[in-house]
Amino acid sequence: MDLLGALRGDLLEWRIRCGNPEAGLIFPTPSRSAWREHDWLNWNRRVWTPVARVLCIDEPPYTLRHSFASLRIREGASIPELAEELGHSPHMTLNTYSHVIRELRGTPTASAENEVLTARTTARGALNLEARGPSVDHQTPR
């Protein structure tokens, strides 16, 4: 699967701000298991931690992977397709995400792209409300 357009744009914008629009992926490989533990810790310290700090993300990369998978399930991706994207077997994908499939049973499908954009708009609105401070009711009490 191609990277979602909204995320592709975010990554390009981040790379431009860092002065390197041709930079490689933020995430190293589809399979972390190919890395030695030292490589993973080094990548986490050098790459992920600074990016997460700038983006105000408190979650580890693995949580974002689960979010992506959940969005793809909501979108209607087939288990074999999702398994290939995640680098899992279909059996492992079903074992890992069966609770998401159950939770979404009977709900309409939704575009992952639109879900990301909606979440972003909601988050920006919440940040704007927080920046303005608590609302004050100027009515006189009765």
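Read the figures in this text as sums done on the coordinates, not as results from a lab. The model shown is predicted, which means the values in this text are computed figures rather than measured ones. Cβ sites come from the backbone with ideal geometry, for glycine too, and all protein chains shown count toward neighbours.
Calculate one ³J(HN,Hα) per residue across the range 64-79 by plugging θ = phi - 60° into the Karplus curve 6.51 cos²θ - 1.76 cosθ + 1.60, and present them in order as whole Hz with x for glycine and proline.
Ordered by residue, 3J(HN,Hα) equals 5, 4, 5, 4, 4, 4, 5, 4, 5, 5, 4, 6, x, 4, 6, 4 Hz.
With θ set to phi - 60°, apply the Karplus curve 6.51 cos²θ - 1.76 cosθ + 1.60 along the range 97-109 and write out the HN-Hα couplings as whole Hz, x wherever there is a Gly or Pro.
10, 4, 5, 5, 4, 4, 4, 8, 4, x, 8, x, 5
What list of ³J(HN,Hα) values in whole Hz, one per residue of the range 46-52 in order, does the Karplus curve 6.51 cos²θ - 1.76 cosθ + 1.60 (θ = phi - 60°) give from phi, with Gly and Pro shown as x?
Couplings: 6, 10, 5, 4, x, 5, 4 Hz.
Summing +1 for each Lys or Arg and -1 for each Asp or Glu, what net charge is found among the other residues whose Cβ lies under 13 Å from the Cβ of ARG120?
Working: positive: ARG124; negative: ASP10, GLU13, GLU113, GLU115.
So the environment of ARG120 carries a net charge of -3.
If you rank ARG15, ARG105, ARG46, ARG72 by fewest surrounding Cβ atoms within 10 Å, what's the result? Don't skip to the answer; put the middle values down first.
Numbers: ARG15 15, ARG105 7, ARG46 10, ARG72 20.
Placing the least packed residue first, the sequence is ARG105, ARG46, ARG15, ARG72.
Sequence-distant or interchain residues sharing an amide H contact under 5 Å with ALA77, placed H: which?
none
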